[in-house]
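The values are calculated or read from the model by the stated rules, or taken from the named source; none is laboratory data. These numbers were taken from a predicted model, which means no experiment stands behind them. Here the Cβ positions follow ideal geometry from the backbone for every residue, glycine too, while neighbour counts run over all protein chains shown. What goes into the accessible areas is simple: the full protein's heavy atoms, side chains included, and nothing from ligands, DNA or RNA. Shrake-Rupley method; radii C 1.70, N 1.55, O 1.52, S 1.80 Å.
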Amino acid sequence: MNEADIPIDIHAGKLQDWLVSRRIVNKNWHMHVREVRSKISNALTDMPAHDGLVQLLKGAHINYFHCQQIIDILKTTEADTKNVFGRYGSQRMKDWQEILKLYEKDSLYLAEAAQILVRNINYEVPGIRKQIKNFEQLGDEAEKKIEDLKRSENVVLGEYHSLCKQLGIAGENVRQELVTKVGELPKMLNEIAGTVSALKKAIELYSAFMGNEGCLPVLRHVATSGNTTVYEFLYSESPLSIEEPPVKFELEEEAAPGEIDFGDDGGAIDFGNGGIDFGAVDGGDVNLEVGDIDWGAPEEAAANANEIDFNISLEESGIVVEGDGNAGGVAKGDESYSIFDSPVYREKLINELLELEAFLKMRLYELSTADKVQILSLTMMDNFPDHDTKSLSQMLVQVDVIYGKTNSPLIQHLHQIKHSSKYVDILTSKLKQKLVAIDKMKDTEKLMKNKSISFRQQSVDLKPTLTKIIEQTKILQGQIEKDISKRYKNRVVNLMGANL
């Protein structure tokens, strides 16, 4: 086999060591390349205007092979400086020719070209590819974050609408709508109270079981008399008037600091100059000297002051004698609330419903067990009313329905709003926080969208750079292979491992 047909395979990563081991380049070539790079930098400051030079120098690391192309271009641009001996008088040409000679000394250009090739293969190309991949990954993460934000936004918005629906409001002016909704609370409570009468049989059943007709007093009263005031429940009579504590909500603008509102009594109170007006005095002006006291009664009247007239009737005297008990009383404070509206008696009513529910469940369980006869013989009394699982189930359903309505979220919220002025602020703040959270998520979503676009654009901008570096690296690889091939009688040279 002819030696010229045997290829020379060189691993690209070990190219520099291969060149040094074959003594093609000096192992101290790094010390000389700095001078060449310095001269190239100086020469680049004075270059003629030429499209070929612009394209050649654009984004490229100038090496020996570029210098050869520059000289070829300068032969055209500096042709008028050439003398009869074939030498150029142009300083530009002299500078680049000197650079070329320095490169060719000890094959310095080949060592530098090998260094550039290895750097491009091992660092530049993988680095740019990594940047592109990183930007694409960041863009994907930003888009995923946008999708997550949209899902979270929909969840929070759904919670907002769900809570508004639960409260029976539109959600446009939350505070005002909640305060308005409180006005509907009495009607709602009366409707619920109207269904309690269906529990009479269950109450009677429980009373018979307990042997106590006074059990479940609140529930029994509502089932019989409806949603009366607490006053009527306590004293078994209706009040003459009801003075329910007013519900105060700060909806209007607050008074300026320092101002006191004494109510609208149609007139102003003037304490000017520290005087007090006691009103008009019959009989003319009262003129008192300093130190004098006018007792307003003559001496004759004082003499008769000890006499008592026993012929005056109670009606004439203005004294009212009230009867025993609370007849003609006024329902005030907690006694003025209806049973369903009173915080104390509402709680008692709920507890009694739970007590009745527990009893019905236990009775239903006893009747549904296998050994019914034995259980009934131990628990039933002679005066215990007849009942079966069907009737007990119906009673239990009625209790559950009333308990569910009484403890519904809307009723609870409205009850809390009415009896706590701060609760409406808490509830309003809770709803507003959801809207604020949605706005923040929308702002973050816009930011992520802008970031995604920016990352995608940076990735796109780097791709032409990567393509150009790969192209330049392949050209350099071919130039190195050709140069080494000339040194070994044009044998084929293959730089292995240069996977671009």
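Please report the carbon-and-sulfur percent of the accessible area for region 15-57; probe 1.4 Å, protein heavy atoms only, DNA, RNA and ligands left out.
Whole-percent figure for carbon plus sulfur exposure: 46.
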**From phi via Karplus (6.51, -1.76, 1.60), per-residue ³J(HN,Hα) for region 436-446 in Hz, x at Gly/Pro** = 5, 4, 5, 4, 5, 5, 5, 5, 5, 4, 5
**Request:** At 1.4 Å probe size, with every protein chain present, just tell me what the per residue accessible area of region 36-98 comes to in Å².
**Result:** 59
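State the percentage of accessible surface on region 397-500 attributable to carbon and sulfur atoms; use a 1.4 Å probe and exclude ligands, DNA and RNA. Show your work: numbers first, answer last.
Working: 3380 of 6100 Å².
The value for region 397-500 is 55 percent carbon and sulfur by accessible area.
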**Message:** Leaving out ligands, DNA and RNA, and with a 1.4 Å probe, what % of the accessible surface on region 165-231 is carbon or sulfur?
**Reply:** 51
**Reachable lysines from K105, criterion Cα separation under 30 angstrom, eight or more residues apart if same chain** = K14, K27, K39, K58, K75, K82, K94, K468, K474, K482, K486, K489
**Request:** With a ≥ b ≥ c taken as the square roots of the eigenvalues of the C-alpha gyration tensor of region 449-500, please select rounded if a/c is under 1.5 and otherwise prolate if a/b is larger than b/c or oblate if it is not?
**Result:** prolate
**Asked** Which ³J(HN,Hα) values, rounded to whole Hz and listed in residue order, are derived for region 39-53 from phi using the Karplus coefficients 6.51, -1.76 and 1.60 in 6.51 cos²θ - 1.76 cosθ + 1.60 with θ = phi - 60°, glycine and proline given as x?
**Response** 5, 5, 4, 5, 5, 5, 6, 10, 10, x, 7, 7, 4, x, 5
**Request:** With 26 Å as the limit, write out which pairs from K200/K405; K348/K390; K150/K181; K181/K432 have Cα-Cα distances beyond it, or answer none.
**Result:** K348/K390; K150/K181
**Asked** From the backbone phi of region 188-199, what are the Karplus-calculated ³J(HN,Hα) couplings (6.51 cos²θ - 1.76 cosθ + 1.60, θ = phi - 60°) in whole Hz, Gly and Pro given as x?
**Response** 4, 5, 5, 5, 5, 4, x, 8, 5, 4, 5, 8
**Asked** For region 441-482, what is the accessible area per residue in Å², given a 1.4 Å probe and the full set of protein chains?
**Response** 63
**Complete:** With +1 at each Lys and Arg Cβ and -1 at each Asp and Glu Cβ, the charge dipole magnitude of region 411-500 around its Cα centre, to the nearest 20 debye, comes out at 100
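Please list the equivalent ellipsoid semi-axes of region 1-107, computed as the square roots of five times the alpha-carbon gyration tensor eigenvalues, in descending order and whole angstrom.
In descending order the semi-axes read 32, 17, 15 Å.
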**Message:** Among W29, I99, T81, whose Cα projects farthest towards the positive end of the dipole of region 1-100, with charges put on the beta-carbon of Lys, Arg (+1) and Asp, Glu (-1)?
**Reply:** W29
**Prompt:** Counting Lys and Arg as +1 and Asp and Glu as -1, each charge on the Cβ, what is the dipole of region 1-105 about the Cα centre in debye, to the nearest 20?
**Reply:** 420
**Asked** Per Stokes-Einstein, at 20 °C and 1.002 mPa s, what whole-number D in µm² s⁻¹ belongs to region 94-188, with the Kirkwood radius over Cα pairs as the hydrodynamic radius?
**Response** 105
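In debye, nearest 20: dipole of region 134-188 around its Cα centre with unit charges on the Cβ of K, R (+) and D, E (-)?
Working: 8 positive and 11 negative charges, 108 e Å.
So the dipole magnitude of region 134-188 works out to roughly 520 debye.
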**Request:** Skip the ligands, DNA and RNA, and give the accessible area per residue of region 199-238 with a 1.4 Å probe, whole Å².
**Result:** 47
**Request:** Find how many whole Å separate the alpha carbon centroid of region 456-470 from the alpha carbon centroid of region 168-238.
**Result:** 76
**Fill in**
So R491 and N173, fully extended at 0.36 nm per residue minus their Cα-Cα distance, gain in nm 105.7 nm
